[in-house]
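The values are calculated or read from the model by the stated rules, or taken from the named source; none is laboratory data. For clarity, every value in this text was computed on a predicted model and none was experimentally measured. Ligands, DNA and RNA are stripped out before the accessible areas are found, and what is left, the full protein with its side chains, is counted by its heavy atoms. Shrake-Rupley method; radii C 1.70, N 1.55, O 1.52, S 1.80 Å.
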Amino acid sequence: MGLTPGGNYMTKETGRILREICEHEHEQSRPMLSAVAMGVSLDLPGEEFFTMAEKFGKFTGSRWDKEAFWDRELRSVYATWASLI
């Protein structure tokens, strides 16, 4: 991505890029490719991932449902892209 590692600028730009990727994939009727991106210290994608999923009408569950939704979306990403390559 051409960003200097660390800091708020990198975090902000990474989020912006992932949002653009999410929107493009949604427009193409594909799963959220950003499901593969996780923070270093997180067990799940960041909150923005779930916010985007809600925006697309893909996720309406509680905070307890996040892991199950992410797992399904991640599996869908791998299955979709495996068939395209």
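Considering helices alone, the calculated mean residue ellipticity of the chain at 222 nm is -19000 deg cm²/dmol, with DSSP H runs of length four and up weighted by -39500 (n - 2.57) and normalised per residue.
Relative to the longest principal axis of the Cα atoms of the chain, the long axis of helix 66-84 makes an angle of roughly 80 degrees.
Ordering 33, 84, 42 by accessible area with a probe of 1.4 Å, largest first, what comes out?
On the way: 33 55, 84 100, 42 80 Å².
Ranking 33, 84, 42 by accessible area, largest first, yields 84, 42, 33.
With every protein chain in place and a 1.4 angstrom probe, the accessible-area ranking of 20, 73, largest first, reads 20, 73. Principal axis analysis of the Cα atoms in the chain yields extents of 33, 32, 21 Å, listed in decreasing size. Only Cα pairs under 8 Å and 6+ residues apart enter the sum, and on that basis the relative contact order of the chain stands at 27 percent.
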